[in-house]
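Asker: The structure is given below, and queries will be raised subsequently.
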Amino acid sequence: MPIEKKKKRLTPAQAKINIENYCAYQERSHRQVRNKLFTYGLYSSEVESIISDLISSGFLNEERFAKAYAGGKFRMKSWGRAKIEYQLKGEGLSKRCIALGLKEIESADYEKTLVSLLKKKMSALKDENIFVRRQKAARFAMGKGYESELIWKILDREFPD
């Protein structure tokens, strides 16, 4: 049986230095920072104090996080708006922050990305039946978080019966 090492509790000053570096590396949500601070063995009052200091010093900003997250997931993983919105809600962001984050995605780029995703998926599918291939491609795109109306509009335009 492996021996578990007991984590050393950090002082609030040490934790603040660590968490500033954590926030400087990439944008973080309040929830991510709060969870990280608790892993340092801090008490609730200390965590809230450090978070308010981070906000006032500009290390922590949920609007900035939402914009970076939405833009990054769209560009890097080709996620659709629905999946990004769901994930941002999971981070505990407000509707306003989520809306600001989703504004980072240009409509033209969004549609262009969906078209290329669908074309790639349709060429990879080996079914003889076009209806089965279209259905599988649509399901794939919905799993990526794209809206079904837009998916079917593009499928009808690019891959007619």
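Asker: Taking the Cα centre of the stretch 49-115 as the origin, how large is its charge dipole in debye, to the nearest 20, when only Lys and Arg (+1) and Asp and Glu (-1) carry charge on their Cβ atoms?
Answerer: In total the dipole reaches around 200 debye.
Asker: What GluC sites (Glu not before Pro) does the stretch 80-127 have in DSSP loop regions with at most 13 other beta carbons within 10 Å?
Answerer: E106
Asker: Given a cut-off of 27 Å, name the pairs among K95/K119; K16/K83; K67/K112; K16/K103; K103/K144; K126/K153 whose C-alpha atoms lie farther apart than that in the structure shown.
Answerer: From K95/K119; K16/K83; K67/K112; K16/K103; K103/K144; K126/K153, over 27 Å: K95/K119; K16/K83; K16/K103.
Asker: When the accessible area of the stretch 50-161 is split by element with a 1.4 Å probe, what percent falls to carbon and sulfur?
Answerer: 52 percent
Asker: Rank-order 128-136, 59-67, 94-102 by packing density, defined as the average count of other C-beta atoms within 10 Å over each peptide's residues, highest first.
Answerer: The densest-packed peptide leads the list: 59-67, 94-102, 128-136.
Asker: Going by Cα centres, the stretch 6-65 and the stretch 69-105 are how many Å apart?
Answerer: 22 Å
Asker: Which cross-chain or sequence-distant (5 or more) residues have an amide H under 5 Å from the amide H of R28, H modelled 1.01 Å from N in plane?
Answerer: The list, which skips near neighbours in sequence, is N61.
Asker: Just the number please: accessible area per residue for the chain, 1.4 Å probe, all protein chains included, in Å².
Answerer: It amounts to 63 Å² per residue over the chain.
Asker: Place a point 7 Å from Cα of K77 in the direction of its Cβ. Which residues in the stretch 119-161 have their backbone N less than 13 Å from it?
Answerer: 143-146
The values are calculated or read from the model by the stated rules, or taken from the named source; none is laboratory data. All values derive from a computational prediction rather than experimental measurement. Glycine gets a Cβ as well: all are built from the backbone with ideal geometry, and neighbour counts include every protein chain shown. Note: areas computed on protein heavy atoms with side chains; ligands, DNA, RNA excluded. Shrake-Rupley method; radii C 1.70, N 1.55, O 1.52, S 1.80 Å.
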